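Shown next, in structure tokens, is the structure this report addresses.
Every number in this text was worked out from the coordinates using simple rules, so none of it is lab data. The model shown is predicted, which means the values in this text are computed figures rather than measured ones. Because the Cβ atoms are built from the backbone with ideal geometry, glycine has one as well, and the counts that use them run over all protein chains shown.
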Amino acid sequence: MPVIRDTPVLPSGTAAGIETIGMTMRFGSFTALDDVSIRVPAGSFHALLGENGAGKSTLVKCIMGFYHATSGALVVDGREVSVASPRDAATFGLGMVYQHFTLVPSLTGAENLVISRSDVPAVINWGQERKDLARFMERMPFRIPLDRPVRELAAGEKQKLEIVKQLYLGRSFLILDEPTSVLTPAEADEMLGLVRGLTDSGGLTVLMISHKFHEITKFADAVSILRRGKLVGTGAIGDLSTAAMAALMIGDVKLAELDSRAPVGDTAETVLRLSSIKAPDRSGLKTIEIDDLTVRAGEIVGIAGISGNGQKEVTEILAGQRPPVSGTIEVHGAAYGATRAETRKNNVRFIPEEPLQNACAPRMTVSENLSFRTFDLKPDGGQAIWLSKAGMKARATALIADFKVKTASASSPIAALSGGNVQRAVLARELIGDVDLLIVSNPCFGLDFSAVAEIRARIMKARNAGTAVLLLSEDLDELLELSDRILVISEGRLVYETAARGADIGIIGAHMAGHH
Amino acid sequence: MSETDIGLWGVPLAIIAGAIRVSTPFIFVSLGEAITERSGRINLGLEGTLVFGAMTAYAVAVLTGSPWLGVLAAMAAGSVFGLIHGFICRFPRVNDIAIGIAMMQFGLGFAFFLGKPFIQPSAPKLPSIPLGNWSSYPQVQAALNINVLFFIGFLLALFLAWAFRNTRPGLILRVVGDSTDAARAMGVNPDRVRLLATALGGALAAVGGAYLSLYYPGSWNEGISSGQGLMAVALVIFARWNPINCFLAALLFGGTGALGPALQSVGVTQGYYLFYAAPYVLTLAILIATSSPNRALSGAPGELSLTK
């Protein structure tokens, strides 16, 4: 059998242990990584915990050879090695699965695997390759369709394929960067369980970056915690409680607390109602069908689902970007078409996912972006012809202070802000004034603890002030924390509804995965 | 009436003949453009490359007496045009479409400048294969007198369709076209792949030009191209970047292009000029019919500046 591997140092299927010794990385005067020494023995499952900007990705990039550490050393299997590039890392059997997918969308799984090898022959003998792949997949715990283009795979399948690709290339040590951020709880458990099985059998060592404590406590052997570039704690999983890990991770920062939840009155008005909505999905091949969806004043309705099951289309329908084929959208009992006049009249606000791309003009200034809702209004409410630059700036300055947006000035381009601060700025624009209906999609994706706490507190505050909130999120924890009711969307339909209090994650997860 | 008059049968025959005769330059230009676009770059300059290829092929055929040397010279010239385009596009903040338009004008102007002395002399033609000898009708014999380049184009389309799936260069080309990041992660230099893909695209477009000047219409003048180089870019999109579809689209385009002359030849005197526009109307109609406001262009290489 031909050897499918480009890792010459260790025999395939043998775990490699690594160790960093005093790893330090400086960018100019900024120290991103300060004297970090961690030890990951062969065959172990090690978790790396830390806030955004704590140095986790700097550390793994130093290990993988993307960065060259200012000082410090890397030891692989007891030998000090120098890794100048990811190619070098590959020769030592080190591989990494990135948070964003690096698979080529239009190629099939099999094509993706074969072309990633360094010894592909000029003419590929697919008959032979398929046989080799089938034999290789027999040894894999994952079942993935290899004949379909990767773009048609679900996020979970892509994530598994990324891991399979690394094993196919014969890696002995794998870094997983937040591997479960796009998976359902059930998919995440399954995937991590299988990876854990690989480490237990001595075939692989894993270093996993994660934010999720329950994953770490369930699957990892040991954890290292970084804060502001320093290693602040390390130990076996049994020795550290979740609270202790959280305290080490965030330090003495005080997180914004959620308001207590005001009860939803029985007489609360129905603000948003979708009835028998039908619309084509992005591929045009399937339809989105929302039979009945209501959101009342003062409640948060959460929509859970695996990415790509129609959430994006639902937000587009509500934003007027995707005209439904049939059905009605009503706000305050009147037909609603998401025109500027209608959103203004009904106080509808909208925070799409990835707000920098979807709700901002990235190269315009923070101040201009903050006035998108109001720039064409005179103070008395009439249509303005001339922009009031001074008024825009004054408003922006007030909003920046109020929502703690960190920016060099109100006239910096909004694209220069960090993700959390863009999110805060958009939140500031959308939440100011009277808001009757707020539509939010994945508001906390990729943000750190304190930004997440702050943004969730703002949404809860709006709810308590009587805003009807429709929250679409891929993060179940977020939905359970914020929502009053949770609906599950699967293949473009709402398939399950439950009160958030006392909801069973297992049942929600099963519906998300399509078992109804 | 002579016995060789085939009456209204002349129309479908002319369409088939036209499909074969007129389509050949479209086949080569669109296959070349398909390779370039699959690498994630658009070369709009192929019109200039085509005309320059036509001039080079004609000039070399006149000077050497060999049409095949003319075709080879055209390929060399075309690949130089592609290399220039590809080389300029690797710089940051350079737009491939703008460079393409500049290269198109440059190619046209330069071809007319160098080609002035070759308008008068006549060049040897490319050979064709008479497949219609079984028929006693001269029209059928003429229609089935098929140029060798047409068969080469057909085989090339099959080969490319196979190569995109079954060869390392084919897969690497698709990787680069779909995701620059994935290509870099794989240790492939996307700029070099695109440079080569653009050069190859230019070489094939120039073969299309050689067909124009060395076979049909078979002369060199400033009006030799009627926009084949530009239409081929639209054909590639229409064919969804699939070489076999490119071949079929070129046939369809050539066939409808023959509609006007065919109607004229059977005695339609009114409005046949309208039918000269048939290929363009057909392209517009098909593009509109297959488009959708809600769906992304399927099959489009992810790195193409059209789809970004």
Report summary line: note: region A:253-317, Cα-Cα separations exceeding 15 Å make up a percent value of 65
Report task. Give the order of B:Trp68, A:Trp126 when sorted by the count of other beta carbons within 10 angstrom, beginning with the fewest. Result -> A:Trp126, B:Trp68
Report task. Sort A:Tyr168, B:Tyr211, B:Tyr216 so the one with the fewest other Cβ atoms within 10 Å of its own Cβ comes first. Result -> B:Tyr216, A:Tyr168, B:Tyr211
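Just need the relative contact order of region A:361-433 here, percent rounded to a whole number, with Cα pairs under 8 Å and 6+ apart.
Reported as a whole number, the value is 42 percent.
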Report summary line: In nanometres, the difference between 0.36 nm per residue of separation and the alpha-carbon distance of A:Leu387 and A:His515 is 40.7 nm
Query raised in the report: Computed over the Cα atoms, what is the radius of gyration of region A:403-516 divided by 2.2 N^0.38 Å, N being its residue count?
Result: 1.20
Query raised in the report: Over chain A, what relative contact order in percent results from Cα pairs under 8 Å that are six or more residues apart?
Result: 16
Requested in this report: Determine one quarter of the surface area of the Cα convex hull of region A:63-129, which equals its mean projected area, and express it in nm² to one decimal.
Outcome: 6.5
Requested in this report: With an 8 Å cut-off on Cα pairs and a minimum separation of 6 or more residues, tell me the relative contact order of chain B in percent.
Outcome: 36
Report summary line: region B:35-124, Kirkwood Rh and Cα Rg, ratio Rg/Rh at 1.05
Query raised in the report: Once label points are set 7 Å from the Cα along Cα→Cβ at both A:Ala268 and A:Lys461, what is their separation, rounded to one decimal in nm?
Result: 1.9
Requested in this report: Compute the Rg/Rh shape ratio of region B:1-155: radius of gyration over Kirkwood radius, all on alpha-carbon atoms.
Outcome: 1.08
**Report entry** P(r), alpha carbons of chain B - 20 Å bins starting at zero, rounded %
**Finding:** 33, 56, 11, 0
Query - chain A, helix-only ellipticity at 222 nm - DSSP H runs n ≥ 4, -39,500 (n - 2.57), divided by all residues, nearest 500 - result: -9500 deg cm²/dmol
Query raised in the report: If you take the C-alpha gyration tensor of region A:361-433, multiply each eigenvalue by 5 and take the square root, what semi-axes do you get, largest first, in whole Å?
Result: 21, 12, 10
Query raised in the report: P(r) of region B:153-271 in 5 Å steps, Cα pairs, percent per bin?
Result: 2, 9, 14, 19, 18, 14, 9, 6, 4, 3, 2, 1, 0
Query raised in the report: Sorting A:Arg139, B:Arg184 on the 10 Å Cβ count, fewest up front, what's the list?
Result: A:Arg139, B:Arg184
Query raised in the report: Quick one: if the Förster radius is 51 Å, what FRET efficiency do B:Arg192 and B:Tyr137 give, using the C-beta to C-beta distance and rounding to 0.05?
Result: 0.45
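About its Cα centre, what dipole magnitude does region A:291-393 give when the only charges are +1 on Lys and Arg Cβ and -1 on Asp and Glu Cβ, stated in debye to the nearest 20?
560
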Report task. With unit charges on the beta carbon (Lys/Arg positive, Asp/Glu negative), name the residue among A:Val36, A:Thr108, A:His68 whose Cα is farthest towards the positive pole of the charge dipole of region A:1-156. Result -> A:Thr108
Query raised in the report: Mind checking the log10 I(q)/I(0) for the protein assembly as shown at q = 0.05 Å⁻¹? Debye, one equal scatterer per Cα, no solvent, two decimals.
Result: -0.36
Query raised in the report: Based on the alpha carbon coordinates of region A:316-420, what radius of gyration and maximum Cα-Cα distance (Dmax) apply, in Å?
Result: 15.8, 47
Report summary line: Fraction of alpha-carbon pairs in region A:96-151 farther than 18 Å apart, rounded to whole percent, equals 37
Requested in this report: Quick one: give the max-minus-min coordinate of the C-alpha atoms of region A:271-357 along each principal axis, largest first, in Å.
Outcome: 35, 31, 24
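Using only the Cα atoms of region A:120-183, what semi-axes does the equivalent ellipsoid have when each is the square root of 5 times a gyration tensor eigenvalue? Give whole Å, largest first.
22, 15, 11
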